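What follows is a set of notes on a single structure, which appears directly below.
The values are calculated or read from the model by the stated rules, or taken from the named source; none is laboratory data. Quick caveat: nothing in here was measured; it's all calculated off a predicted structure. Here the Cβ positions follow ideal geometry from the backbone for every residue, glycine too, while neighbour counts run over all protein chains shown.
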């Protein structure tokens, strides 16, 4: 049994999508900076695909009644791809950060900074405890 014409339409459209979208479309080529950082562009890729068709019978023009002379096929297919930048993944020696392209990412930025804020708070609390203990020790050791 021979392939149906719609199969050819679908195959052509899917091969075109495959050529347009690959892993380098989602995660771009890495860029290395002189100070050792590696920057990877990250994108969101959306693809859509549609195909359809119909077979129809030809009527005989000589008035001799119906009957297919070979059933013709009419159809079409289409595809679309959208690539939207999301951000940049910055890989350093000690940490990895995602720098979003979207300006409305205050919450994401706060979440990204939370470990650094907690670390600073621990340092401040540790220093204050050390200062308090030093003052108490000085008070105890100071002759009256």
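Taken over the range 1-50, the criterion of being surrounded by 14 or more Cβ atoms within 10 Å (Cβ to Cβ) and assigned to a loop (DSSP other than H, G, I, E, B) is satisfied by 21, 28. Please verify whether residue 90 is touching a helix residue (DSSP H, G or I) at 6+ places or on another chain (Cβ under 8 Å), assigned to a strand (DSSP E or B) and either modelled with pLDDT of 80 or more or within 21 Å of residue 12 (Cβ to Cβ) (or both), treating the condition exactly as stated. It is false that residue 90 is touching a helix residue (DSSP H, G or I) at 6+ places or on another chain (Cβ under 8 Å), assigned to a strand (DSSP E or B) and either modelled with pLDDT of 80 or more or within 21 Å of residue 12 (Cβ to Cβ) (or both). Can you tell me which residue in the range 96-115 is modelled with the lowest pLDDT, limited to those that are surrounded by 10 or more Cβ atoms within 10 Å (Cβ to Cβ) and part of a loop (DSSP other than H, G, I, E, B)? Here the answer is 105.
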